[in-house]
Structures are given as C-alpha cells and as structure tokens.
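Every number here is computed from the coordinates shown, using simple stated rules; none is lab data. Given the structure is predicted, the values throughout are model-derived calculations rather than measurements. Virtual Cβ from ideal backbone geometry, glycine too; neighbours counted across all protein chains shown.
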C-alpha cells in the first residue's frame, strides 16, 4: 500500500510540474509559435532547447525546423513527456537528451540555434554554461536567452539575472549580442551570434 501511495504522490507532483511548465502566463503570455517567429531560426538547421522541460518550445520548433530538434533536460520525466508529445503529433525530428547545460552531450559546432528559456538563472556557474553553449554552436549559429528581468524587490525570492548582467556574461563568453527584445513588461530576450 505504501508504494502505491508514494507513486500516486509522485504522479500528482509530476502533473503539477507539467501544468506549471506548460502555462503560457509563466512566459509572459508569449505563445511558442509567436516567439519562434520573432527569432532568427534557420529552417534547415539543428535546434537545441536547453532546459526543455515539457517540450513547450521543443515541439513547436520541430514543426518549423527541418533539422534535428534536441530537447535537453536533466529530468527523465520531462524527457518522457517530450517523447510522448512528439509521438502523439507524429513528429520525427525531436531527440530528447538527458544532460545539463554545464555539460551538453552534443558535438562541438553541431547546432545552428540554441535557446535557453527561463533556465539560465538556475545554473550554478553562468560563465561555464555559456561556454558550453558556444562550444556546441556552429560558426554564425545563434544563441537566444529568454529571462525575467530582475527587479529590486526583496519580497521576490526567486533568483533572477538582470538583462544588463546577462548581456555582459554573453559578451564575455565570446558571443556577439545582435539584438535585445522586451516583448512584455518583465521578459527580456537577448539574441547573440557565434563569430
């Protein structure tokens, strides 16, 4: 009986996590299709969704991109969700990858477009993660960072990174910032290119 209760609790926890990650309000009400249309995604290229979660962006990207779309996450449950969604929609160019942004399990110079949406504020060493991203990008490949702007609000305990600091870190990693967008009040998007 105890094992059944534990599994039930785990399933409920997973369901809540999926509901939270798939909620467009969490991302400033920007639907993934609209977001992808704002970005320099190469149709024929390979796409990497860093911290892919439930595939909120991975699956729509796979409908646009003809190359491979890699959904990277450390949580095996999330990778199962991505695979399930891809299978349900008959999408064949998605590959769910278990791994972290600090050690991306892909070849150097293999990715045309890498996206980190609401995930870089969680990494331990931002500079290491950005170096890993740069390493897997092809020359002239794009990296896009989407984050929530850090506000001076002591009541908000969730870690955030100010856009000015993120831009500096991306530049320090050897990527050239080409554009900054502020689609909604609290969200910023930094687009950078590998030289």
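Quick notes on this one:
- In a fully extended conformation the segment linking residue 43 and residue 151 would gain 35.3 nm over its present Cα-Cα distance, using 0.36 nm per residue.
- The simple Förster model, with R0 at 22 Å and r as the Cβ-Cβ distance, assigns residue 83 and residue 122 a FRET efficiency of 0.45.
- Take the Cα of residue 131, go 7 Å toward its beta carbon, and the backbone nitrogen atoms of segment 157-195 under 13 Å from that spot belong to 172-174.
- Span per principal axis, largest first, for the Cα atoms of segment 31-179 (Å): 45, 36, 29
- Label-to-label distance, nm, for residues given as residue 31 and residue 193 (7 Å Cα→Cβ offset): 3.0 nm
- Inter-label distance for residue 98 and residue 184, nm, one decimal - labels placed 7 Å from Cα along Cα-to-Cβ: 3.3 nm
- Alpha-carbon geometry of segment 125-195: the Rg and the Dmax are 12.8, 42 Å, given in that order.
- Averaging Cα coordinates gives a centre for segment 82-100 and one for segment 105-139; these two points are 19 Å apart.
- Extension gain, residue 63 to residue 176, is 37.9 nm, computed as 0.36 nm per intervening residue step minus the present C-alpha separation.
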